[in-house]
1. Confirm whether Ala103 is among the hydrophobic types (A, V, I, L, M, F, W, C), at pLDDT 95 or above, more than 30 Å from Leu191 (Cα to Cα) and surrounded by fewer than 20 Cβ atoms within 10 Å (Cβ to Cβ).
2. Could you please find all residues in region 123-155 being in a strand (DSSP E or B), within 12 Å of the ligand (Cβ to nearest atom) and free of Cβ contacts under 8 Å to residues at least 60 places away in the same chain?
3. Search region 161-177 for residues that are modelled with pLDDT of 95 or more and more than 11 Å from the ligand (Cβ to nearest atom) and pair each with any residue that is in a strand (DSSP E or B) and small (Gly, Ala, Ser) when their beta-carbon atoms are under 6 Å apart and the residues are at least 6 apart or on different chains.
4. Looking at region 34-55, is at least one residue over 17 Å from Ala98 (Cα atoms) and touching an Asp or Glu at 6+ places or on another chain (Cβ under 6 Å)?
5. From Leu41, Leu27, which residue is within 24 Å of Trp176 (Cα to Cα), in contact with a strand residue (DSSP E or B) (Cβ under 8 Å, 6 or more places away or on another chain) and either not acidic (Asp, Glu) or not in a strand (DSSP E or B) (or both)?
6. For region 17-57, which residues satisfy the criterion of being of a type in the set (A, V, I, L, M) and modelled with pLDDT under 95?
7. Across region 111-137, which residue is surrounded by the most Cβ atoms within 10 Å (Cβ to Cβ) among those that are modelled with pLDDT under 95 and within 23 Å of Arg74 (Cβ to Cβ)?
8. Just one of Val14, Val32 is among the β-branched types (Val, Ile, Thr), surrounded by 12 or more Cβ atoms within 10 Å (Cβ to Cβ) and within 18 Å of the chain's Cα centre (by Cα); which is it?
Amino acid sequence: METEARYAPPDTLVRAGADFPVPDTLLVPDFVAWDASAGLLRTALADFDWQQERFVMFGRQVAAPRLSVCFGERGAAYRYSGVERQAQPWPDAVRALAEQVSAATQWRTNFVLVNLYRAGHDHLGWHSDDERDMGPAPVVATVSIGAPRTFRMSARQKGSPNHDVTLPSGSLFLMWGRSQRDYRHCVPRRLREKGERISFSFRNTANVKCPSSCHSPRGGESKKP
Ligand SMILES: O=C(O)CCC(=O)C(=O)O
């Protein structure tokens, strides 16, 4: 995690990026080729074991307004909103995407939270990815496929303006450094949007309960879920 505190993306990636006014963020529009995105969307919709999480809010159980699934290194887990999510083994297609992200960002990921927004009514509320499992200055690399959706960021100070960016299919949105400590983000409802969007938020969780038998060279398994 110490290395994440000093992380900065390589120049090659910065040169491929588009401007966005939030510090320590980078949008790379054409990170995944069109045909690869289309194939991944088909595989994800058909094969992933999508779950609808339930949270307790103001004493009531509520269903998350989206579906999700987690993959990663064996034993990796991630705790947020009071729920611990265990990684399922990387499916081949997601492992390949994780390797592409790691190579381009020069950063190691061991976990991905995948969100399925079935249409524009599905959304994600304001939050920061600042859980203890992520360390003090986490790197989060999100690959989007399918329908374009707005990603909104705002500084934590009251009254700060919103900064909106559209994440197109095949894009990579990278956050590091102060972007979680100083900003919050969300994916707002877009009721006119009828298409599905899937986001792959790659992370590096320190919460890895790894039995002694589990070490493979890259720390994972090649198996479809
Ligand atoms: O779907 C997205 O682009 C955002 C995902 C996100 O913020 C998260 O998983 O914490």
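The values are calculated or read from the model by the stated rules, or taken from the named source; none is laboratory data. Model, not experiment: these values are computed from the prediction. Reconstructed Cβ throughout: ideal geometry from the backbone, glycine too, with neighbour counts over all protein chains shown.
1. So Ala103 fits the description; yes.
2. Passing the criteria: His127, Ser144, Arg149, Thr150, Phe151, Arg152.
3. Close Cβ pairs satisfying both conditions: Asn162/Ser154; Ser169/Gly146; Leu174/Ala141.
4. For region 34-55, residues over 17 Å from Ala98 (Cα atoms) and touching an Asp or Glu at 6+ places or on another chain (Cβ under 6 Å): absent.
5. When all the criteria are applied, what remains is Leu27.
6. If the condition is that a residue be of a type in the set (A, V, I, L, M) and modelled with pLDDT under 95, then Ala18, Val56, Met57 are the ones that fit.
7. Met134
8. Matching residue, one of Val14, Val32: Val32.
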